[in-house]
Protein chains: 2
Amino acid sequence: MSMRTHYCGLVDSQLSGQVVSLCGWVQRRRDHGGVIFIDLRDREGLVQVVCDPDRADVFAQAERIRNEFCLRITGLVRARPAGTENSNLVSGGIEILCHQLEILNASVTPPFQLDDDNLSETTRLTHRVLDLRRPQMQHNLKLRYQVAMAVRKFLDEHGFIDIETPMLTKSTPEGARDYLVPSRVHDGMFFALPQSPQLFKQLLMVAGFDRYYQITKCFRDEDLRADRQPEFTQIDIETSFMTEGDIRQLFENMIRHVFQTVLEIALPNPFPVMQFADAMRLYGSDKPDLRVKLEFTELTDVMRDVDFKVFSGPANMEGGRVVAMRVPKGAEISRSEIDAYTQFVGIYGAKGLAWIKVNDLSKGRDGLQSPIVKNIHDRALSAILERTAAQDGDILFFGADKAKVVNDAIGALRVKIGHSDFAKQAGLFEAVWKPLWVIDFPMFEFDEEANRWNAMHHPFTSPKDGHEDWLEANPGACIAKAYDMVLNGWEIGGGSVRIHREEVQSKVFRALKIGAEEAKEKFGFLLDALQYGAPPHGGLAFGLDRIVTMMTGAESIRDVIAFPKTQRAQCLLTQAPSPVDEKQLRELHIRLRNPISATKPEA
Amino acid sequence: MSMRTHYCGLVDSQLSGQVVSLCGWVQRRRDHGGVIFIDLRDREGLVQVVCDPDRADVFAQAERIRNEFCLRITGLVRARPAGTENSNLVSGGIEILCHQLEILNASVTPPFQLDDDNLSETTRLTHRVLDLRRPQMQHNLKLRYQVAMAVRKFLDEHGFIDIETPMLTKSTPEGARDYLVPSRVHDGMFFALPQSPQLFKQLLMVAGFDRYYQITKCFRDEDLRADRQPEFTQIDIETSFMTEGDIRQLFENMIRHVFQTVLEIALPNPFPVMQFADAMRLYGSDKPDLRVKLEFTELTDVMRDVDFKVFSGPANMEGGRVVAMRVPKGAEISRSEIDAYTQFVGIYGAKGLAWIKVNDLSKGRDGLQSPIVKNIHDRALSAILERTAAQDGDILFFGADKAKVVNDAIGALRVKIGHSDFAKQAGLFEAVWKPLWVIDFPMFEFDEEANRWNAMHHPFTSPKDGHEDWLEANPGACIAKAYDMVLNGWEIGGGSVRIHREEVQSKVFRALKIGAEEAKEKFGFLLDALQYGAPPHGGLAFGLDRIVTMMTGAESIRDVIAFPKTQRAQCLLTQAPSPVDEKQLRELHIRLRNPISATKPEA
């Protein structure tokens, strides 16, 4: 049921002697010894087509063709002459002797060569249709599909059912900014596009669907950092009657299944599990890249009485922190590299970057090269060397500031050094897949500006058993049943056990200073639902774009999305967003604040 | 990996003698002979739990429970006492002797009984979470999932890949009204939510993805007729290198596969195929319900010279039509029923409903009972009786007006009579699944108000081979490679072969009076893509909501959507749409035309 019998890229020696019909695009045409060779391409790859002058009509057609013409050819599969095989191609052992050649459609000359690897992203996104013809993009989107389908099959086998939740829903202006959709029927009212189906999936659990999933678009109107999109795709999952441990077990199985099925890669079994507090202590990050063999050493306690304000200040400050990060063999890092790292940590608010090169421990202080060591008394210096287990040839970097600055700056430095060529040569970077669970997140984090506690995960996250009693008296001590799946330094998924008792949910709202009135207005339907025998439930969400980006090795999530937006939230292909008719605005009961000339006149 | 070992509804005699753990909701509790019986419900069904006073702690817990409490119970599966089995349930042969009973969550008294079948839709949608607990709703959404998954597996096996297209896209204000999304980054600009991924799927074909599908939300901001939703779900498909016949064959296979897999129903093979012209001629509809055994008889030609303006007027009018519809055994239809039918056809613009009861053909005119027969001369009357093959006991209904009015009115009457109890008794309604393809649609339909041709399908539909030459000179004669799949009188899917040559696309735009400038602005990216060797391609889209509604026998598509909107495009559960903060509007560079008190003050 097709104009072709096979995909170009899949014709191989097993078909030798058979006549096949193929459809595809001209990747290259070359004339050689009076014969025309065509590399014909379809989504599965290339095949070589030979047009012989013996067949005058075929040859005449073949002379007309140019790159990117769309052809249908029929011909005989035969072995390539010895020595001309191409082992890089599935079809590399054969060629097609063309019997019939039909030009299905001509092409004007493309604005760029499809195999040009140095195109600007603007060019690529403007001519996205041609860009998508490139084998890498074909591969990326096929792999994305394979991942999604592997997920669906796994979840299907485990009794999960895909239930669609609304795209036109209610605005709850907290967390990220909503995309709004004006209502025509209800003057002055707006829908919001969902930031996630969080509340709906919880309602589905209360409704008894037991195991839900959805691979669905979510929306956040935020200023786009390097690798964000206004619309992104979430593998969204919720289940009833499973504990935190059950949930983590099942979904690490799922991710292992996906890697095995799609890439034939066996991820570790089990994934390591790390408490949030340990992750921050050792790596300054709740998503540590464990491929990097570098750790923090805690020094806050021993720096309180050194005669060096840079260290003693933070060591004595509430919420201050002093750490060292030992880089084995790092003494070879040059001064100019250290200067660059100093600039780098400045991005994260660090006011400098202290360091000690350990040249020769046997020489005591004389064996240490450092601008700061003179300010550190012996006891503290011993503690540094002992705790870091420093060896000759190492360098120690120091962070001393508010804990957040130290964690951000030295955490980022850890990754930067860890990914450098130096680290790879020094054996400080292990090029394997390193998944882990980070668990036991705090329920709340304190927002100093607003002088209030915010939910670290979201306000529907359950505290650990027993911790519900501290929700109001000591929110900072409450640990949540929340978990993130981290892979190579990226959070690829996260979730929590949810609150299923209305009285606990109300307590959390109170801890967050969300009044009864406000809670009712924003989440009344959830609080209402929790009254009717809501089951224990929990779930998580994975970022499909991110997972596929990692699995394909793409540089950007834009390379695993067919029609992405730019960082200015524009589609260069269709020129969206665009002005609309005045009539449309009128029907929606809105007007522009700044009527601009770009607005189209009424149709 | 769960708090339960089995689903309640799936415990059967094979598990007799085993101890199981179950989680679910109390459907009913009854005390009988000192023993407490609980019907425990989960998504798979009910099971009977017995709490014996011998186990004091269990019994004490059981006395506390009420309807819709959420429980976890552990107990022994044993056969029910003889005579108390319930053959309607999978678990009807057994009961669970409760060893442990844990109340996972209590419930306040629900606002209605879950088994109340007479709830208003407002009550159901306001308390949607409880409404969704009803077994029928659980069944509907599970079946919806099964349909979607059967489609995915079929398409996967046939090499189709799911590729996501943008939700935030460009407004093209034709066809239905767009939902708009104001851009924050681009002052005065708007995204539109997609009415369908039409252009993107065509671009994916030009990009060489060959076989695409997506089960995706589409949006139309229209006044909602009985069974429409602002957001609806489309099974969207596109393929390259397949002919119209190939496409129809593959996708009727798909629908047969879905019915077989999900309902174990064998649809006819092959589906009948009917030309649009024949469908209109015989049924006055392009989506005839073939379960109804009633057809139109064309009479326009013989009514030109009758002395009865009601018939001769339309018969002589350009675009007029006169038909009869014979209803076998319909002479028993009463005068009051005929009056009701006359009112009914009035809805569709018919000015009356002429009829003839055929009481006794052997008596000539005397055997006919009718208010109009006196106005019809002998030759015409003979033609009526001959062409309709009228028999004693029949009734003939007549439509005479502009063709559209006749088709709409008598077409609707055909369905109304065909679905009546009379028709079922008279054998005029066959209660089976009746799919068919309607093909050979005209390219264009004339819009008399605007005095221009409109695309009947959409402007990207390919004309039949050869018809592209008439596009400009005689648009009305052009037939399209378009096809609709119809099931029991509903269009469940439709599509077309698309135009893949830019010069044909330009001709169609000219026929539609879309100027070069306008075409470039609206569809420039498509015209541009067509220049680069676009492949022959086509596809179709199925309405998932409608298909599932039919398969479940639901009364409304709202019964197969978890969280639907009302006909006023509102979500009664979350109260969307709702007012938003002034700050949000300011960030989006818009203001309300009619600031209302409902608008919330700035946060």
Practice task
Please grab the % of Cα pairs in the protein assembly as shown that end up more than 41 Å from each other.
Solution key: 57 percent
Exercise for the section: With 10 Å bins from zero, work out the P(r) of chain A over every alpha carbon pair and list the percent per bin. Expected result: 3, 13, 18, 20, 19, 14, 9, 4, 1, 0
Handout entry: Reduced Cα scattering model of region A:229-366, Debye log10 I(q)/I(0), q = 0.11, 0.17, 0.21 Å⁻¹
Key = -0.69, -1.12, -1.43
Fill in the blank from the handout: Relative to chain A, whose Cα atoms define the longest principal axis, helix A:502-511 and its Cα axis are tilted in degrees, nearest 10, by 70 degrees
Completion exercise
Phi-derived 3J(HN,Hα) across region A:582-588 with the Karplus relation (6.51, -1.76, 1.60, θ = phi - 60°), rounded Hz, x for Gly and Pro, is 4, 4, 5, 4, 5, 5, 8
Completion exercise
Taking R0 as 30 Å and r as the Cβ-Cβ distance between A:E85 and A:R228, the FRET efficiency 1/(1 + (r/R0)^6), rounded to the nearest 0.05, comes to 0.10
Handout entry: Relative contact order (percent, whole number), chain B, Cα cutoff 8 Å, 6+ residue spacing
Key = 13 percent
Practice task
Arrange the peptides B:516-524, A:446-454, B:541-549 so that the one whose residues have, on average, the most other Cβ atoms within 10 Å appears first.
Solution key: B:541-549, B:516-524, A:446-454
Handout entry: For region A:292-425, the spread of Cα positions along each principal axis, largest first, Å
Key = 38, 36, 23
Problem - Fully extended contour minus Cα-Cα distance, from A:D31 to A:N269, at 0.36 nm per residue - result: 80.2 nm
Exercise for the section: Partner chain Cβ atoms within 10 Å, averaged over the residues of B:201-207 - can you pull that number for me? Expected result: 5
Problem - Stokes-Einstein translational diffusion, region A:97-203 - Kirkwood Rh over all Cα pairs, 0.890 mPa s, 25 °C, in µm²/s - result: 127 µm²/s
Fill in the blank from the handout: Across A:577-587, the residue-averaged tally of Cβ atoms belonging to other chains within 10 Å stands at 6
Practice task
With an 8 Å cut-off on Cα pairs and a minimum separation of 6 or more residues, tell me the relative contact order of region A:117-219 in percent.
Solution key: 23 percent
Handout entry: Cα-based convex hull, region B:435-564, per residue volume (Å³, whole number)
Key = 158 Å³
Fill in the blank from the handout: Scoring only Lys, Arg, Asp and Glu (+1, +1, -1, -1) among other residues with Cβ under 10 Å from the Cβ of A:V108 yields -2
Completion exercise
Under 5 Å from the placed amide H of A:I492, counting only residues 5+ away or on other chains, we find A:M485, A:V486, A:L487
Handout entry: Under the Karplus curve 6.51 cos²θ - 1.76 cosθ + 1.60, θ = phi - 60°, whole-Hz ³J(HN,Hα) for region A:352-357, x wherever Gly or Pro sits
Key = x, 9, 6, 8, 9, 8
Exercise for the section: Return the FRET efficiency for the residue pair A:Q100, B:E521: r is the Cβ-Cβ distance, R0 is 45 Å, and the value is rounded to the nearest 0.05. Expected result: 0.65
Completion exercise
Once the in-chain neighbours fewer than 8 apart are removed, the lysines whose Cα is under 20 Å from A:K170 read A:K201, A:K217, A:K520, A:K522, B:K217, B:K565, B:K583, B:K600
Practice task
Give me the distance in nm between label points sitting 7 Å out from Cα along the Cα-to-Cβ direction at B:F344 and A:R568, one decimal.
Solution key: 6.0 nm
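Taking each residue in B:520-526, count the Cβ atoms of any other chain within 10 Å of its Cβ, then average. What number comes out?
3
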Practice task
Please provide three numbers in whole Å: the alpha-carbon extents of region B:120-266 along the principal axes, with the largest listed first.
Solution key: 54, 50, 25
Problem - Residues with amide H under 5 Å from that of A:M274, placed H, sequence gap 5 or more - result: A:W437, A:V438, A:I439
Exercise for the section: Extending each Cα 7 Å along its Cβ direction at A:I372 and A:E332, get the distance between those two points in nm, one decimal. Expected result: 2.5 nm
Practice task
For B:G34, place a label point 7 Å out from Cα along the Cα→Cβ vector, do the same in each other copy, and report the separations in nm, one decimal, smallest first.
Solution key: 10.9
Practice task
In whole angstrom, note down how far apart the Cα centers of region A:1-47 and region B:18-89 are.
Solution key: 66 Å
Practice task
Could you pull the copy-to-copy label distances for B:D52, with points set 7 Å along Cα to Cβ, in nm to one decimal and sorted shortest first?
Solution key: 8.8
Handout entry: Packing rank of B:306-319, B:259-272, where each peptide gets the mean count of other beta carbons within 10 Å, highest leading
Key = B:306-319, B:259-272
Practice task
Between the label point of B:N118 and that of the same position in each other copy, find the distances and list them shortest first in nm, with every label point placed 7 Å from Cα along the Cα-to-C-beta direction.
Solution key: 8.0
Handout entry: Count of lysine pairs in region A:292-425 with Cα separation under 24 Å (8 or more residues apart, or interchain)
Key = 27
Practice task
Based on the mean of other Cβ atoms within 10 Å per residue, sort peptides B:388-394, B:233-239, A:78-84 so the most packed one is first.
Solution key: B:233-239, B:388-394, A:78-84
Completion exercise
Semi-axes (Å, rounded, descending) of the ellipsoid equivalent to region A:425-473 per its C-alpha gyration tensor are 34, 16, 9
Completion exercise
With label points set 7 Å from each Cα along the Cα-to-Cβ direction at A:Q425 and A:Q14, the distance between them in nm comes to 4.7 nm
Exercise for the section: Express the relative contact order of region A:8-105 as a whole percentage, based on alpha carbon pairs under 8 Å and six or more residues apart in sequence. Expected result: 35 percent
Handout entry: Ellipsoid semi-axes in whole angstrom, largest first, where each is sqrt(5λ) of the Cα gyration tensor of region A:2-101
Key = 18, 15, 13
Completion exercise
Check: C-alpha center region B:113-178 vs C-alpha center region B:280-353, spacing in Å is 38 Å
Practice task
Enumerate the calculated ³J(HN,Hα) couplings along region B:535-552 in order (Karplus 6.51 cos²θ - 1.76 cosθ + 1.60, θ = phi - 60°), each rounded to whole Hz, writing x wherever the residue is Gly or Pro.
Solution key: x, x, 7, x, x, 6, 9, 10, x, 5, 4, 5, 4, 5, 4, 5, 5, 8
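Only the coordinates and a few stated rules stand behind these numbers; no lab work does. Just so it is clear, the model here is predicted, and its values are computed rather than measured. Here Cβ is always computed from backbone atoms with ideal geometry, including for glycine, and neighbour counts include all displayed protein chains.
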